[in-house]
Amino acid sequence: MSAPAEESRTMKEAVIEVKGLEMSYGSFVLMRDLNFTIGRGDIFIIMGGSGCGKSTLLKLLVGLKRPARGEILYDGVSYWEAEPEVQERLKRRFGILFQSGALWSSMTLAENVAMPLEQYTTLPPGQIRELVSFKLSLVGLGGFEEFYPSEISGGMKKRAGLARAMALDPDLLFFDEPSAGLDPISARLLDDLIIELSESLGTTVVVVTHELASIFAIGTNSVFLDPDVKTMTAAGDPKRLLKESPDPKVINFLTRGEGTRQR
Amino acid sequence: MIPSELKIDRNPDGALLLSLAGEWKLGSAIPSPDSALAGPAAGEKAQRLAFATDKLEGWDSGLLIFLAKLFAICRRDGVIVDQSGLPAGVRKLMELASPENQRTGITHGGERPPFLVRVADAAFAQVKGFKEVLAFIGEVTLAFFKMLRGKADFRRLDLIVTIQETGAQALPIVTLISLLVGMILAFVASIQLKMFGAQIYVADVVGIGMVRVMGAIMTGIIMSGRTGAAFAAQLGTMQVNEEIDALETLGLSPVEFLVLPRMLALMMMMPLLCVYSDLMGVLGGMIVGVGMLDIGVMEYVQESRSALNLTHFLVGLFHCFVFGVLVAIFGCLRGIQCERSASAVGYAATSAVVTGIVSIVVATAIITLSCQVLGI
Ligand SMILES: Nc1ncnc2c1ncn2[C@@H]1O[C@H](COP(=O)(O)OP(=O)(O)OP(=O)(O)O)[C@@H](O)[C@H]1O
Ligand SMILES: [Mg+2]
């Protein structure tokens, strides 16, 4: 954790603070001692090798799984100690894309995207329909409104999941490998979309991704999880990490195993 | 295929030199790694190991697993391996599979605990399972009352689709089974009753038997196998696809959203199916009675009517209503408890049927006993 990274984090107001977090499945501890802060408007990247617990960390961040130890504060409020109403209100601020897309299979794409809108807004049906079409076309799925999840490809499911995550214009977006299964052009468009969301709407985006190009293009802050020592070994702007991190594992990750810093 | 050959020499510097020749492929007789290290000059242990492969004609994973075992032995005995004699491809693959490139500290399950600990664990798991069932029933009840107040969140369309699936679409199988059960009852009864010339009472046996319990039990078991399993598989798959997580993050309760419509549908459809099953059972009895025992149609109907009363009918309906709730609860519970794999979905479906049928039989026993005590 280099000093300049520290600096960039204090500049932004903290939205999510993770303190002494430990996550485990039963007695199997995945990660311990996680401490980091996600600032408002950050595009925060969670990095780490396959199977090190990134998806699990995301589940903890959205309140689907209880931390084994430690706490997660949203604007200073601890999720697990809050009243159910406060939890509900917090959840309303989240938009989540699961690694598998997690579209509801008994509903069409339009119904999937409309669901959060129907749940949390009182917009008239006509307007919901327009919004849904617009969100679907944002991810390049205009015209697929009446398709069922079983009728579209894996990458399309990912994108539909994205549209659903963005339905309510949430101020916290969580994406689990959004560009996995996308062609390079769509992946690039997705990066642009994420940057646009963060810059124009001030959305805070937490992304789990392995795409180096994307990490450097969009990331403003990050953590690196190392399964061997079961904790985070680096944090900060990925571009800066590449230049300054003393940890060879981090450098290796950021250079596809080349181990050198030419970039 | 050229047979694989291994020649073991000792270099002047004391290192063992393994010369590989021929084809080292899966299926060919590859020497054992132990024999390679034993070497020609047993006794004095080699400190280094080198390879010569200029006569190697071909290789595949067969060679790789030979080397993997060999390297493991070397690592254990502290023998230094010089890989430079191996083909470049082999070196690269061995490098990828080397222990340095695997995750450390992976434990799965750990040691097998002692017998008594396992017994205790199993007992606690039972208690925990029972608690989960109770908690789930509690949640469903709360959701039900919420619905009565008009506040539960679920899609009306889901309810309608489930009603169709559990109601109308179950008619053919209910028809078949109930008709046959009615006929079987009539057959079995007729054998005894004929001895006394009392064939006409077949109508009583079939009528009361079907209407009071058998219609309900048959419907319950059919629905447990048909619908309970379907519920468990549907919800289990949703669990696997993280669809249930997605609902929860929207602040929607899976119990309200998924379980409630399914339970409502069964609560409405089961009594209707039960009435239908009663009717089919009596019809089955009549087919046997009229066709084989020479009872007149009107006579049979008359006898059935005098044997049956509203109490029998209502007891049957009550049974079926309870079964509907049980089938829905266990089907949905097993689905929601499902773990994240395809085999877990299969297990959930099986478990839903087993628990459903067991609970149906137990419930029947309880209701029958209660009726006995209350004199209904
Ligand atoms: N339900 C579970 N029960 C027990 N262990 C689990 C469970 N789910 C995941 N794990 C374990 O937790 C670890 C991390 O899983 P996770 O899905 O968070 O990894 P990940 O970092 O997202 O990997 P990937 O990049 O491949 O998606 C894995 O090693 C896995 O063995
Ligand atoms: Mg993952």
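List pairs: first in the range A:15-31 and within 14 Å of chain B (Cβ to nearest Cβ), second outside any strand (DSSP E or B) and more than 10 Å from ligand 1 (Cβ to nearest atom), Cβ under 6 Å, 6+ apart or cross-chain?
That search, which allows pairs on different chains as well, returns A:Ser24/A:Ala68; A:Met31/A:Lys230.
Given the condition assigned to a loop (DSSP other than H, G, I, E, B), out of contact with any His (no Cβ under 7 Å at 6 or more places or on another chain), small (Gly, Ala, Ser) and within 16 Å of ligand 2 (Cβ to nearest atom), answer yes or no: does some residue in the range A:93-100 qualify?
Yes - at least one qualifying residue is present in the range A:93-100.
When you scan the range A:156-263 for helices (runs of 4 or more DSSP H) that lie fully inside it, which ones turn up with 3 or more residues that are touching a residue at least 60 places away in the same chain (Cβ under 8 Å) and more than 18 Å from A:Leu34 (Cβ to Cβ)?
Output list reads A:184-201.
Any residue that is at pLDDT below 95, of a type in the set (Gly, Ala, Ser), open to solvent by 50 Å² or more (accessible area, probe 1.4 Å) and away from ligand 2 (no atom under 16 Å from the Cβ) - is there at least one of those in the range B:270-289?
Among the residues of the range B:270-289, not one is at pLDDT below 95, of a type in the set (Gly, Ala, Ser), open to solvent by 50 Å² or more (accessible area, probe 1.4 Å) and away from ligand 2 (no atom under 16 Å from the Cβ), which makes the answer no.
Determine which single condition B:Glu248 fails, assuming it passes every other condition in (1) of a type outside the set (Ser, Thr, Tyr); (2) within 14 Å of another protein chain (Cβ to nearest Cβ); (3) open to solvent by less than 20 Å² (accessible area, probe 1.4 Å).
(3)
Can you say whether B:Ile173 is of a type in the set (Val, Ile, Thr), open to solvent by 50 Å² or more (accessible area, probe 1.4 Å) and touching a residue at least 24 places away in the same chain (Cβ under 8 Å), as far as the supplied structure shows?
So B:Ile173 passes the test.
Restricted to the range A:49-69, and to residues that are near ligand 1 (Cβ under 6 Å from one of its atoms) and crowded, with 20+ Cβ neighbours inside 10 Å, which residue is farthest from the other protein chains (Cβ to nearest Cβ)?
A:Lys54
Please name all residue pairs, on different chains or six or more residues apart, with Cβ atoms under 7 Å, provided the first residue is in the range B:19-37 and is within 12 Å of B:Gly58 (Cβ to Cβ) and the second residue is among the polar types (S, T, N, Q).
Correct list of pairs: B:Leu20/B:Thr53; B:Gly22/B:Ser4; B:Glu23/B:Ser4; B:Trp24/B:Ser4; B:Leu26/B:Ser61; B:Ser28/B:Ser4.
Do we find a residue being farther than 20 Å from B:Asp153 by Cβ, open to solvent by less than 10 Å² (accessible area, probe 1.4 Å) and assigned to a helix (DSSP H, G or I) anywhere in the range B:326-334?
So far as the range B:326-334 goes, yes, one or more of its residues are farther than 20 Å from B:Asp153 by Cβ, open to solvent by less than 10 Å² (accessible area, probe 1.4 Å) and assigned to a helix (DSSP H, G or I).
Here are some residues: A:Val29, A:Val15. Which one is within 16 Å of ligand 1 (Cβ to nearest atom) and assigned to a strand (DSSP E or B)?
None of the other options fit; the residue is A:Val29.
Here's a check for you: in the range B:53-91, which residue that is surrounded by 11 or more Cβ atoms within 10 Å (Cβ to Cβ) and basic (Lys, Arg) is nearest to B:Leu17 (Cα to Cα)?
B:Lys55
Look at B:Ile160 and say whether it is under 32 Å from the mean Cα position of the chain (by Cα), under 23 Å from B:Met267 (Cα atoms) and open to solvent by 60 Å² or more (accessible area, probe 1.4 Å).
It is true that B:Ile160 is under 32 Å from the mean Cα position of the chain (by Cα), under 23 Å from B:Met267 (Cα atoms) and open to solvent by 60 Å² or more (accessible area, probe 1.4 Å).
A:Ser105 versus (1) touching a helix residue (DSSP H, G or I) at 6+ places or on another chain (Cβ under 9 Å); (2) more than 9 Å from chain B (Cβ to nearest Cβ); (3) more than 16 Å from ligand 1 (Cβ to nearest atom): which is the lone unmet condition?
Here A:Ser105 meets the rest and fails (2).
Is there a residue in the range B:358-366 that is within 16 Å of ligand 1 (Cβ to nearest atom) and of a type outside the set (Ser, Thr, Tyr)?
Checked the range B:358-366: no residue is within 16 Å of ligand 1 (Cβ to nearest atom) and of a type outside the set (Ser, Thr, Tyr).
Against the conditions (1) open to solvent by 10 Å² or more (accessible area, probe 1.4 Å); (2) among the charged types (D, E, K, R); (3) within 14 Å of chain A (Cβ to nearest Cβ), where does B:Arg226 fall short? Just the number, please.
B:Arg226 satisfies all of (1) open to solvent by 10 Å² or more (accessible area, probe 1.4 Å); (2) among the charged types (D, E, K, R); (3) within 14 Å of chain A (Cβ to nearest Cβ) except (3).
Which one is farthest from ligand 1 (Cβ to nearest atom), of the residues in the range A:70-87 that are out of contact with any Gly (no Cβ under 6 Å at 6 or more places or on another chain) and open to solvent by less than 40 Å² (accessible area, probe 1.4 Å)?
The residue in question is A:Ala82.
The values are calculated or read from the model by the stated rules, or taken from the named source; none is laboratory data. These numbers were taken from a predicted model, which means no experiment stands behind them. Reconstructed Cβ throughout: ideal geometry from the backbone, glycine too, with neighbour counts over all protein chains shown. These area figures cover heavy atoms from the full protein model, side chains too; ligands, DNA and RNA do not enter into them. Shrake-Rupley method; radii C 1.70, N 1.55, O 1.52, S 1.80 Å.
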